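Here is the structure we will look at, set down as structure tokens.
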């Protein structure tokens, strides 16, 4: 009985030569998290062990950046809150995902309030 792990674009990118830069989108970053989670329960001990190690490293990065990425995605007119809601619910589950979406929404409102306060104090001279 043989078991195989399905190949996908994320795993294939590992072999991209270093002299060919790759730009990653927020979708790519979220897809990596989802793919690692799938690999962590694929039933192949070696793959699961590697996936857990990769998830540990990924989570250190993710914890520091997901808020900034969330704001950037919302400011992208193609996605708004839809993409954040989709991936956060996929990554964190329905309840925690919704809480994370609300945290991004709050961060955005805070940025708008800060911006409005600064622009209200500008005096235009003629």
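The values are calculated or read from the model by the stated rules, or taken from the named source; none is laboratory data. In this text, all values refer to a predicted model and were calculated from it rather than measured experimentally. Cβ: placed from backbone, ideal geometry, glycine included. Neighbour counts: every protein chain shown.
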Next on the checklist: For the stretch 1-15, give me the residue count where each residue is within 27 Å of residue 70 (Cα to Cα) and either part of a loop (DSSP other than H, G, I, E, B) or at pLDDT 80 or above (or both).
Outcome noted: 1
Checklist entry - Quick check: is even one residue across the stretch 106-123 loosely packed, with under 13 Cβ neighbours inside 10 Å, out of contact with any helix residue (DSSP H, G or I) (no Cβ under 6 Å at 6 or more places or on another chain) and within 29 Å of residue 41 (Cβ to Cβ)? => result no
